[in-house]
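Novice: Structure incoming, see below.
Only the coordinates and a few stated rules stand behind these numbers; no lab work does. Predicted, not measured: the structure shown is a model, and the values here were computed from it. We place every Cβ from the backbone using ideal geometry, glycine too, and count neighbours over all the protein chains shown.
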Amino acid sequence: MEAVEARTGRYTGEPGGGVPVVGNGDIRSPDDVVSMIEETGCAGVMIGRGAFAMPWIFRTAWEAQGGVLEDGASGEPSETEKIEIVRRYYDRMREYRNELSAMHRLRAKISWLGKGINGSHCRPLKDGIRTATCAEEVYAALDGWLERAAGDLQPDAAAVS
Ligand SMILES: Cc1cc2nc3c(=O)[nH]c(=O)nc-3n(C[C@H](O)[C@H](O)[C@H](O)COP(=O)(O)O)c2cc1C
């Protein structure tokens, strides 16, 4: 960071205003984003694995820095919204790739995504996605989980049933 600044000047965001340094590694929460920026003075951060588990981390981290979202969304998504985010991911994969690829992708990603759902207690959802053999079964797994959420999900009970 200091070495880059010493050579290129302090990053200002303006043309000729130094080279930006982007922080990366082990960002798992909005607080991690804020601390990395405050502690290192980096111009921004990249998020890898944290975004697999919480695709909404960009929204919550932006808010943690005082940012306001154009669509008015705010805070950690509800459990229902999280499932809608998973559904949107799957729908887009079906649209941009194909049926089979989308299903394989979601199966591979559901362990990561599950970490951010119901405090990581969502085994029935993960099992439903992993064993799905067609789009209808994927949607049934998502809808089944939404029904549980509507019925005031009991995390541990749901995880073992
Ligand atoms: C699935 C996956 C693929 C990655 N692919 C690359 C890559 O192609 N090139 C690269 O420089 N880093 C790659 N990385 C490393 C990430 O860019 C990042 O530096 C690393 O994951 C640490 O950030 P994180 O703690 O937020 O995940 C990859 C990481 C993951 C999890």
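Novice: Take the Cβ-Cβ distance between T40 and E63 as r, set R0 to 25 Å, and report the resulting FRET efficiency rounded to the nearest 0.05. List each step's numbers first, then the result.
Specialist: On the way: r = 21 Å, r/R0 = 0.83.
E(calc), rounded to 0.05, equals 0.75.
Novice: Apply the Karplus parameterisation 6.51 cos²θ - 1.76 cosθ + 1.60, with θ equal to phi minus 60°, to every residue of the range 87-100 and state each ³J(HN,Hα) to the nearest whole Hz, in sequence, with x for glycine and proline.
Specialist: So the Karplus estimates, Gly and Pro as x, are 5, 5, 4, 5, 4, 5, 5, 5, 5, 8, 10, 7, 3, 5 Hz.
Novice: Charges at C-beta only: +1 for Lys and Arg, -1 for Asp and Glu. How large is the resulting dipole of the chain about its Cα centre, in Debye rounded to 20?
Specialist: Charge dipole of the chain: 700 debye, to the nearest 20.
Novice: First select every other residue whose beta carbon is under 11 angstrom from the beta carbon of G50; then total the charges, Lys and Arg +1, Asp and Glu -1.
Specialist: +1
Novice: Treating only the Cβ atoms of Lys and Arg (+1) and Asp and Glu (-1) as charged, compute the dipole magnitude of the range 79-160 about its Cα centre; round to the nearest 20 debye.
Specialist: With Lys and Arg at +1 and Asp and Glu at -1, about 480 debye.
Novice: Apply the Karplus parameterisation 6.51 cos²θ - 1.76 cosθ + 1.60, with θ equal to phi minus 60°, to every residue of the range 60-65 and state each ³J(HN,Hα) to the nearest whole Hz, in sequence, with x for glycine and proline.
Specialist: My calculation for the range 60-65 gives 6, 6, 5, 4, 4, 9 Hz in order.
Novice: With unit charges on the beta carbon (Lys/Arg positive, Asp/Glu negative), name the residue among M93, I57, T40 whose Cα is farthest towards the positive pole of the charge dipole of the chain.
Specialist: M93
Novice: Related question: Taking amide H atoms as placed 1.01 Å from N in the peptide plane, list the residues 5 or more away in sequence, or in a different chain, whose amide H sits under 5 Å from that of G23.
Specialist: Excluding prolines and chain starts, which carry no amide H, the hits are A43, G44, V45, M46.
Novice: Would you kindly derive the ³J(HN,Hα) couplings of the range 35-46 from the backbone phi angles with the Karplus curve 6.51 cos²θ - 1.76 cosθ + 1.60 (θ = phi - 60°), listing them in order in whole Hz, with x for Gly and Pro?
Specialist: 5, 5, 5, 5, 6, 9, x, 5, 7, x, 10, 10
Novice: Taking 7 Å along the Cα-to-C-beta vector as the label spot, tell me the A3-E147 distance in nanometres, rounded to one decimal.
Specialist: Reported label-point gap for A3 and E147 is 5.9 nm.
Novice: Here's something else I'd like to know. Helix 135-150 versus the longest principal axis of the chain: what angle, 0 to 90°, nearest 10, using Cα atoms?
Specialist: Helix 135-150 and the main axis of the chain meet at about 80 degrees.
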